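Visitor: Please find one structure pasted underneath; my questions will follow.
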C-alpha cells in the first residue's frame, strides 16, 4: 500500500497542474442516479454518502462539483460521450471500464441480495432455486460475475430500481435481484417495505467513482488524485483499506 501511494504521489509530481488546487475552482460535472442512501436529490441539491465523499474530495482538490441526477442508461451514455466528467457511484465491470477510468480505491460497499414477494410463498435459499421463475433485474446493472448468465432466459429486465421493486411488490414476478441498502430505501419510499423480504445474499461489492475516458490523461490523473484523498479520508474515519 505504501508503494502504491508513493507511485501516485510521484505521478502527481510530473503533473503538478493537476495535483495542485487551482486558484479558481474548476468545474467538474458529476452525474449520479437516484439511489439513496448513497446519492439522491433533495430540495434541489445532491445528498448521500457517495455524493458527500465526492464533494469532500473536490474541495480538497480545488474543484467545483456540479451534480446532475440522471437515469441510469443516460448516465452511462453521457459518460461514454463525455457530456459529464464523472460518475459518483458505480459498480465496476469490464464493459464500462472500456470508456470509464475508475478510481482505484473505494470505501463504499453495497450488498447484492435476492428479494421475494411475501405473498408468493416462494422461499429460495440458493441461486439454483430461481430456475423456472421469472427473475426481475434492472437492465445494465451488474449483479456479480456470471449471475445473469446462470439464470439465462428467466430474467425480466426493467428500466430502473423503482420499477423493479414496484413490480415485485405488485406480484408481477416472484423474485428480484437487488441491493440491500438501496433497495430498502426505495421500498420505504414506495410504501412497499412490508410486501417483500430479503432471502439471501449473493455478494458484497464496492461502489466506485469513475471518470470519462474522454478526459484522456487528465481523467487518469484525477482518478489517482481521488484515490489518494479517499484513502486519507478513510484512514481519518478509521475505516479499513481493502
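Visitor: Only residues that are over 19 Å from residue 75 (Cβ atoms), buried (at least 19 other Cβ atoms within 10 Å of the Cβ) and modelled with pLDDT of 95 or more: list them for the stretch 156-181, please.
Guide: 165, 168, 169, 175, 176, 177
Visitor: Only one of 55, 29 is over 15 Å from the mean Cα position of the chain (by Cα) and part of a strand (DSSP E or B). Can you tell me which?
Guide: Result: 29 is the single residue among 55, 29 that is over 15 Å from the mean Cα position of the chain (by Cα) and part of a strand (DSSP E or B).
Visitor: Inside the stretch 91-118, can you point out the residues that are farther than 24 Å from residue 81 by Cα, at pLDDT 95 or above and surrounded by fewer than 17 Cβ atoms within 10 Å (Cβ to Cβ)?
Guide: 111, 118
Visitor: While we're looking at this one, here's another question. Looking at this structure, is residue 137 crowded, with 19+ Cβ neighbours inside 10 Å and closer than 30 Å to residue 29 by Cα?
Guide: Yes; evaluated as a whole, the condition is true for this residue.
Visitor: Moving on. Any chance the stretch 61-74 includes a residue that's modelled with pLDDT of 90 or more, touching a helix residue (DSSP H, G or I) at 6+ places or on another chain (Cβ under 9 Å), farther than 22 Å from residue 235 by Cβ and in a helix (DSSP H, G or I)?
Guide: Yes, that holds for at least one residue.
Visitor: Considering only strands (runs of 3 or more DSSP E) fully contained in the stretch 133-242, which possess at least 2 residues that are free of Cβ contacts under 8 Å to residues at least 60 places away in the same chain and either over 21 Å from the mean Cα position of the chain (by Cα) or in the same structural domain as residue 81 (by TED's automatic domain parsing) (or both)?
Guide: Counting at least 2 such residues, we get 155-158.
Visitor: Report, by residue number, each residue of the stretch 119-132 that is at pLDDT below 95 and not in a helix (DSSP H, G or I).
Guide: Scanning the stretch 119-132 gives 121, 131, 132.
The values are calculated or read from the model by the stated rules, or taken from the named source; none is laboratory data. From a predicted model like this one, the values you see are computed outputs, not experimental measurements. Here the Cβ is made from the backbone with ideal geometry for all residues, glycine too, and neighbour counts use every protein chain on show.
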